[in-house]
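Have a look at the structure below, then the notes.
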């Protein structure tokens, strides 16, 4: 253990976020370095705090490359995260690093580090870079200390993965296998178009699926430009945007509107979001898209309010009608146009398959992805706080549209404002999933869970600990502990869709697993194998 260990921190691209979050990062780093020293290690920071910027993050790929040029290529390296971070800031350096790598996150919903670490882990997995991973609330608990000792001793950090069951070890019901095979064959025969408004969001290398992985499935990308989207927004007449707003008002959705656009949600911001919703539908129809994703960060954030209101509406079957320009045809009438937030193409493929499976089974096909944001025990169960920045279909919320409220996005991340679709996810049985890339191939982890109702004061407490403007789901995973999910999950995102009850959710899980298997995706069932017998 004579070698010096270097600690680095990847941050945001946005200066406002890096400054705001630095105090939490500094606290986490100090605790991690103390833990290393208690175990007899020598640890130093691999890059300096910048007084002129007010933070000590690696804040660009350029900066990351400069840092890695000064680091010994064989040195043990800790990437410590207490914030959301852009993985590509450090990925180039990590790909070429020869020493052991440990990713570490604080267990806090505040900014949040565990979300950033999960994204970095998924990027490293896709890139084929070996790494170990740990997380902790105070970096003094025995599981963290044990894992750190293993890593410092040159061993792999051990995590319990007994919850993971390869689909090949299970037996699908015959009807589910047949339905899945038919769906996969139909997708390959008819082909689907994935509309992508600028590829690659916030350094999420893990969220880009190469064309050669999609084409054998029958899925093809239509690369669209967000400048085209912005131009199309400007062509939407005000009366059409107001018609969307009036439709939402009539449904009982509430908007917390103020007068100061710098800090409050304004009517002008909402109308621009309505223009975006209309423009996306028209562009998607023009190009024949079956599923779409908007990057928003970066680029569009400097031109328009947040995309989240539009995204959530697109994911909902019951939504404001939009007609094609010129001929009056209602676009995607009676259907959701699945949207994958932050142009996460893994989630886009997942949403497409989910929509096809749920539609075939005649279940509500609304789907969304959340961040794996935070979690705590409550009432004897570990209850996750899944959150995303507003792009949740109202069908998933308690009270639907009438239970939704739109609040201004945090100025730290969303300079030009815009509202969310905030609410509490309704109780019920859900299927969760994640598609990811490993070893050059597509994989999928699927499982079952329930969305639970918590007392209002507990929900408010969790909102205050995370981001109170965003929708929240209180989720309990069946047969998967907190640490098992953290050890295995290859993304900051998790996809969810509801079944009407346990039986229907089990059926949907089985058909989706069968469809993905027939598409050539390596499938794992994680946790309790509901309705699937051992082979």
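Number of residues in the stretch 209-221 that are assigned to a helix (DSSP H, G or I) and under 22 Å from residue 512 (Cβ atoms): the value is 5. Taking the condition under 23 Å from residue 208 (Cβ atoms), in contact with a helix residue (DSSP H, G or I) (Cβ under 7 Å, 6 or more places away or on another chain) and not assigned by TED's automatic domain parsing to the domain that holds residue 46, does residue 180 pass? When the stated conditions are applied, residue 180 does not pass them. Taken over the stretch 438-474, the residue count meeting the criterion of being touching a helix residue (DSSP H, G or I) at 6+ places or on another chain (Cβ under 8 Å) and farther than 30 Å from residue 208 by Cα is 1.
Results for (1) closer than 30 Å to residue 93 by Cα; (2) more than 26 Å from the chain's Cα centre (by Cα), shown as yes or no for each residue.
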{"residue": "196", "(1), (2)": "yes, no"}
{"residue": "201", "(1), (2)": "yes, no"}
{"residue": "225", "(1), (2)": "yes, no"}
{"residue": "238", "(1), (2)": "no, yes"}
{"residue": "246", "(1), (2)": "no, yes"}
{"residue": "256", "(1), (2)": "no, no"}
{"residue": "262", "(1), (2)": "no, yes"}
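If the condition is being in contact with a strand residue (DSSP E or B) (Cβ under 8 Å, 6 or more places away or on another chain) and surrounded by fewer than 19 Cβ atoms within 10 Å (Cβ to Cβ), then the stretch 300-323 contributes 321, 323. Within the option set 450, 441, being within 21 Å of residue 345 (Cα to Cα) and touching a strand residue (DSSP E or B) at 6+ places or on another chain (Cβ under 7 Å) holds for one residue only, 441. Report whether or not residue 100 is over 28 Å from the mean Cα position of the chain (by Cα) and surrounded by fewer than 22 Cβ atoms within 10 Å (Cβ to Cβ). So residue 100 does not fit the description; no. Of the residues contained in the stretch 194-205, none is found to be in contact with a strand residue (DSSP E or B) (Cβ under 8 Å, 6 or more places away or on another chain), at positive phi and surrounded by fewer than 18 Cβ atoms within 10 Å (Cβ to Cβ). Of all residues in the stretch 322-355, those satisfying the criterion of being in contact (Cβ under 8 Å) with a residue 40 or more places away in the chain and in a loop (DSSP other than H, G, I, E, B) are 322, 324, 325, 331, 332, 336, 337, 338, 340, 344. For the stretch 406-492, the strands (runs of 3 or more DSSP E) that sit wholly inside it and include 1 or more residues that are at positive phi are 428-438. Looking for something farther than 30 Å from residue 109 by Cβ, buried (at least 20 other Cβ atoms within 10 Å of the Cβ) and touching a helix residue (DSSP H, G or I) at 6+ places or on another chain (Cβ under 8 Å) - is there at least one such residue anywhere in the stretch 140-160? No - not one qualifying residue is present in the stretch 140-160.
Within the option set 374, 296, 277, being part of a loop (DSSP other than H, G, I, E, B), in contact with a helix residue (DSSP H, G or I) (Cβ under 8 Å, 6 or more places away or on another chain) and either assigned by TED's automatic domain parsing to the domain that holds residue 256 or crowded, with 23+ Cβ neighbours inside 10 Å (or both) holds for one residue only, 296.
The values are calculated or read from the model by the stated rules, or taken from the named source; none is laboratory data. Quick caveat, the model's predicted, so the values are computed rather than measured. Here Cβ is always computed from backbone atoms with ideal geometry, including for glycine, and neighbour counts include all displayed protein chains.
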